[in-house]
1. For the stretch 421-521, which strands (runs of 3 or more DSSP E) that fit wholly inside it have 1 or more residues that are farther than 30 Å from E239 by Cβ and more than 11 Å from ligand 1 (Cβ to nearest atom)?
2. Might you check whether a residue that is within 15 Å of ligand 1 (Cβ to nearest atom) and under 15 Å from A267 (Cα atoms) occurs anywhere in the stretch 349-362?
3. Checking the conditions here, which among S483, S512, S488 is among the hydroxyl-bearing types (S, T, Y) and surrounded by fewer than 18 Cβ atoms within 10 Å (Cβ to Cβ)?
4. If you take the residues of the stretch 428-447 that are within 13 Å of ligand 2 (Cβ to nearest atom) and not hydrophobic (A, V, I, L, M, F, W, C), which of them is surrounded by the most Cβ atoms within 10 Å (Cβ to Cβ)?
5. Which count do you get for residues in the stretch 347-400 that are more than 16 Å from ligand 2 (Cβ to nearest atom) and outside any helix (DSSP H, G or I)?
6. Mind checking which residues of the stretch 84-108 are closer than 18 Å to G34 by Cβ, loosely packed, with under 14 Cβ neighbours inside 10 Å and among the aliphatic types (A, V, I, L, M)?
7. Does at least one position in the stretch 266-281 carry a residue that is closer than 17 Å to G417 by Cβ, over 15 Å from the mean Cα position of the chain (by Cα) and more than 16 Å from ligand 2 (Cβ to nearest atom)?
8. Here are I195, I209: which of them is touching a residue at least 60 places away in the same chain (Cβ under 8 Å), more than 16 Å from S516 (Cβ to Cβ) and either more than 24 Å from the chain's Cα centre (by Cα) or not in a helix (DSSP H, G or I) (or both)?
Amino acid sequence: MAELRLAGRPASPGFAEGAVVRLVEQKSTRVSSGDPQREADDLKQAIKNALSSISDLADRAEGEAAEMLGFQVAMLEDDALAEAAFESIAQGVAADHAWREALDAEIETYRAADDEYFRARSADLEDIRDTVLDHLSGSHVAFSVPPGAIIAARDLAPSRFLSVDWSKGGAILLSEGSPTSHVAMLARARRVPMIVGLGEIPECASSIIIVDGALGQAVVSPRDDTRAEFLSRQTADEEMAIKAAAHEHQPAATKDGMAISVMINIAGVEDLARLDPKICDGIGLVRTEFLFGEGPHLPNEETQYRAYRRMLEWAEMRPVTIRTLDAGGDKPIAGLTIDGESNPFLGVRGVRLSLQRLDVFRIQIRALLRAAPHGYLKVMVPMITVPSELDAVRALFGEEYEALKANGLNVKMPLLGMMVEVPAAALAISEFNADFFSIGSNDLTQYTTAAGRDIGAVASLADVRHSAVLKLIEIVAKHGQTSGLDVSLCGDAGGDADVIPLLLKVGIRSVSAAPSLVGRAKLAISNFSFDKAGGA
Ligand code: PEP
Ligand code: MG
């Protein structure tokens, strides 16, 4: 087979090489006995077997995984969970249909819950549903993955992840999936490389595949030179990881003593679990769209307020930069974003959508105003293209602030800044009435190079190192220096050790990166010297 490159979204960094094991979803071949008593007995047995397999996993698990499996065990032990299914069986419905229907109804209730914790548990219920269905149809037996294998699947349930022995390496390639899913969280915690959103993964059963989780790239049947390049990146990465760990808790500074701020990017409160705030200078980007899930039930004001407040409290008065909803583009939300746009990245996304859906936007603004007194909140608005958009958002904040205050609520007006990710905004930067700027280098690069960030075939063109992109970044950094307004950079380039020197050279003094990249970013900064680079 000729070399084939696959590109998706990074969900967990790391390298892997091995054979692909494809997980095909089993269509249930179970035939109903037609006897309600037998069907009920079969379901009872399947629940018992599922309980025993999940309990086994729970006994071996630790931390977050143990907590998640403990929840699954408690749910399965509760007779109430299967009550509706047994009632349907008594009326002649087959065991698998009855169980699926009962669990789907339960899952829907969890998904619609206002509380974020309960909404997140819906994925566990899906897992429970599928584990019992596997036991009912006997297909659980088919799930066996040799250690070190690279799993290719549409999506992967957390319990399946936990039943694999990852001690010999391996990786996960998903044609769908999300970097913020439970399984992605588990993969990051166990350092299993994982790429999501790969689209159709071709049949490559007998081929070797190499995986670079941080880049979101996999290569099937790599050529010798591709493999050699991969191995040298892997070796360099291992060496760097050791050095980076030593830098994580140090303040970042260049070799010649210039202090650089390093903040973190998060998608939700879960990302902060077991993270020490002392490793960073604050949160540079909260991607709130992940709090909104995939719709159709959007989080209410209370749920959002609690999530934002927890982030502010975690940061202990370090700045927390929460971005207002950036739905659209590659982040559709059912019932909110517009279907059928010919090019969603150039359509109604980010602030364009928020200003069209004031019903949703005002709820987020109120939650932010109420959270603000609990720390140092900065709010930034994505996809700003013209000054009037930011003015409109500022006016909405003013209106909601007055209304909440009039009702006696404890509110505070946060600093209001903008993302600079549209080239037009970078070029006209002095025209915007922003309190601070944060450069979204991912979108700035795709819009400048006309190369979609989600299109593997043009990935080499979408390069932040293009001199045109760096010039735009420099314009914004210079504006920050002359105006005295903060400028940070929160795109993926901010955590890329190869790009950081270029950013420093064009005047960037603050970056924000995934928590796992903080040590590496600080290490790259410490190796840089303005004297030698002749930078700004
Ligand atoms: C960016 O565009 O660089 C950015 C940080 O925003 P997102 O990746 O969420 O679009
Ligand atoms: Mg962006």
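1. Fully inside the stretch 421-521 and qualifying: 436-439, 486-489.
2. Of the residues in the stretch 349-362, the ones within 15 Å of ligand 1 (Cβ to nearest atom) are 349-354.
Applying the additional criterion that residues be under 15 Å from A267 (Cα atoms) yields none.
Taking every residue of the stretch 349-362 in turn, none turns out to be within 15 Å of ligand 1 (Cβ to nearest atom) and under 15 Å from A267 (Cα atoms).
3. On the way: S512 fails: surrounded by fewer than 18 Cβ atoms within 10 Å (Cβ to Cβ); S488 fails: surrounded by fewer than 18 Cβ atoms within 10 Å (Cβ to Cβ).
Only one candidate passes the filter, namely S483.
4. Going through the stretch 428-447, the residues within 13 Å of ligand 2 (Cβ to nearest atom) turn out to be 438-447.
Then drop every residue that is not not hydrophobic (A, V, I, L, M, F, W, C), which leaves 438, 440-443, 445-447.
Values: S438: 30, G440: 27, S441: 27, N442: 17, D443: 23, T445: 26, Q446: 23, Y447: 24.
Residue satisfying both the conditions and the ranking: S438.
5. 6
6. Answer for the stretch 84-108, where residues must be closer than 18 Å to G34 by Cβ, loosely packed, with under 14 Cβ neighbours inside 10 Å and among the aliphatic types (A, V, I, L, M): just A90.
7. yes
8. Numbers: I195 fails: more than 16 Å from S516 (Cβ to Cβ).
Exactly one of I195, I209 is touching a residue at least 60 places away in the same chain (Cβ under 8 Å), more than 16 Å from S516 (Cβ to Cβ) and either more than 24 Å from the chain's Cα centre (by Cα) or not in a helix (DSSP H, G or I) (or both), namely I209.
The values are calculated or read from the model by the stated rules, or taken from the named source; none is laboratory data. Treat the numbers as computed from the prediction; the structure is a model and nothing was measured. Ideal geometry is used to build each Cβ from the backbone, glycine not excepted, and the neighbour counts take in all protein chains shown.
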